[in-house]
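The values are calculated or read from the model by the stated rules, or taken from the named source; none is laboratory data. Predicted, not measured: the structure shown is a model, and the values here were computed from it. Here Cβ is always computed from backbone atoms with ideal geometry, including for glycine, and neighbour counts include all displayed protein chains.
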Amino acid sequence: MSEDSFARLRDTVCAANLELVKAGLVVLTWGNASAVDRERGVVAIKPSGVAYDVLRPEDIVLVTLETGQPLPGEKLRPSSDTPTHVCLYQRFPAIGGIAHTHSRYATSWAQACREIPCYGTTHADTFSGPVPLCRALTPEEIEEAYERNTGVVIAEHFETNRLDPLHFPGVLLSHHAPFAWGETAAKAVENAVVMEEVAALALQTEALNPTAKTTPQSILDKHFHRKHGKNAYYGQPKEPTNI
């Protein structure tokens with residue numbers, strides 16, 4: 001990869017990390033965003049423990065998609081969650097960016113070990129059903145390779161339950177926090193914002209009505225598919241690519 005390509009990738013990931021702060025999803029250094037360049041086999045991710053208010057594009061760390069190890073010449077240590085990100089990129093070929101936060105409402109659902117029910121169309125616009133909840137890691141998985149096995153548990157949950165990562169662009173890990181993803185780092189951040197909002201709405205819905213019914217499947221499907229897939233009609237059409 002050329003230095004110019006390095007710079008663009010670092011700029012993209014630095015901007016995504018700063019958007020997490022701007023959106024109010026990060027406290028202190030509790031979060032990270034990354035992006036993958038699959039053609040060159042490189043992942044760019046926030047450095048471990050570096051405060052957001054001093055984060056610069058040149059601080060973003062490049063690691064290999066194959067091993068997660070920093071490229072030669074990298075000076076900072078990558079996020080401790082790097083093995084999770086790398087595992088998800090390896091197992092979910094359609095995604096291009098990941099955002100991990102400990103945002104207040106989504107993390108509350110993760111700590112309660114509950115998926116986030118779909119109570120309305122705000123949720124259905126982005127998630128094709130409840131926000132999934134993964135099981136907790138076993139003591140052996142934690143001891144062996146905690147961060148890598150976090151990604152393995154997430155990927156196995158999606159594979160076992162036949163969930164499309166682009167139809168469910170985020171997940172809760174029991175006792176931990178949310179991970180979100182998308183085709184780009186910017187889209188991963190957007191989906192993290194959505195997850196936090198629907199987590200707050202679901203909590204307030206249950207507070208107002210503890211016996212609230214989840215969204216009928218017909219409404220859920222309508223709202224999801226009008227924004228996603230080949231028959232989507234929300235927003236403006238994309239410009240032709242053959243001109």
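Counting residues in segment 41-57 that are touching a Gly at 6+ places or on another chain (Cβ under 9 Å), of a type in the set (S, T, Y) and within 22 Å of V193 (Cα to Cα) gives one or more.
Name the residues in segment 15-40 that are in a loop (DSSP other than H, G, I, E, B) and either touching a residue at least 60 places away in the same chain (Cβ under 8 Å) or exposed (fewer than 14 other Cβ atoms within 10 Å of the Cβ) (or both), would you? Break it down stepwise before answering.
Restricting attention to segment 15-40, the residues satisfying the condition of being in a loop (DSSP other than H, G, I, E, B) are 23-30, 38-40.
Passing the criteria: A23, G24, L25, V26, V27, L28, W30, R38, E39.
Here D59 meets the list (1) within 20 Å of the chain's Cα centre (by Cα); (2) modelled with pLDDT of 95 or more; (3) over 26 Å from A200 (Cα atoms); (4) not hydroxyl-bearing (S, T, Y) almost entirely, failing just condition (1). Of all the criteria given as (1) crowded, with 18+ Cβ neighbours inside 10 Å; (2) closer than 30 Å to R226 by Cα; (3) within 16 Å of the chain's Cα centre (by Cα), the one not satisfied by T150 is (2).
Within segment 224-239, can one find any residue that is at pLDDT 95 or above, surrounded by fewer than 18 Cβ atoms within 10 Å (Cβ to Cβ) and among the small types (G, A, S)? Write out each step before concluding.
We begin by selecting, within segment 224-239, every residue at pLDDT 95 or above; these are none.
No, segment 224-239 contains no residue that is at pLDDT 95 or above, surrounded by fewer than 18 Cβ atoms within 10 Å (Cβ to Cβ) and among the small types (G, A, S).
Quick check on this structure: which one of E66, E58, E74 is in a helix (DSSP H, G or I), surrounded by fewer than 17 Cβ atoms within 10 Å (Cβ to Cβ) and either in contact (Cβ under 8 Å) with a residue 60 or more places away in the chain or not aliphatic (A, V, I, L, M) (or both)? Just one listed residue meets the conditions, E58. Filtering segment 190-205 for residues that are exposed (fewer than 11 other Cβ atoms within 10 Å of the Cβ), over 30 Å from C14 (Cα atoms) and without any contact (Cβ under 8 Å) to a residue 60 or more places away in the chain leaves an empty set. Taken across segment 114-132, residues that are of a type in the set (A, V, I, L, M, F, W, C), outside any loop (DSSP other than H, G, I, E, B), farther than 21 Å from R38 by Cα and in contact with a Phe, Trp or Tyr (Cβ under 6 Å, 6 or more places away or on another chain) do occur, with at least one present. Looking across segment 206-219 at every residue that is out of contact with any helix residue (DSSP H, G or I) (no Cβ under 7 Å at 6 or more places or on another chain) and not in a helix (DSSP H, G or I), the one that is surrounded by the fewest Cβ atoms within 10 Å (Cβ to Cβ) is identified as T211.
Between A110, A94, the distinction of being crowded, with 20+ Cβ neighbours inside 10 Å, closer than 18 Å to I154 by Cα and of a type in the set (A, V, I, L, M, F, W, C) belongs to A110 only. Is it true that some residue in segment 144-164 is within 20 Å of A188 (Cα to Cα) and assigned to a loop (DSSP other than H, G, I, E, B)? Within segment 144-164 (the criterion being within 20 Å of A188 (Cα to Cα) and assigned to a loop (DSSP other than H, G, I, E, B)), the answer is yes, since at least one residue qualifies. Exactly one residue out of D125, D59, D37, D81 is touching a helix residue (DSSP H, G or I) at 6+ places or on another chain (Cβ under 9 Å), acidic (D, E) and under 14 Å from C14 (Cα atoms), and it is D59.
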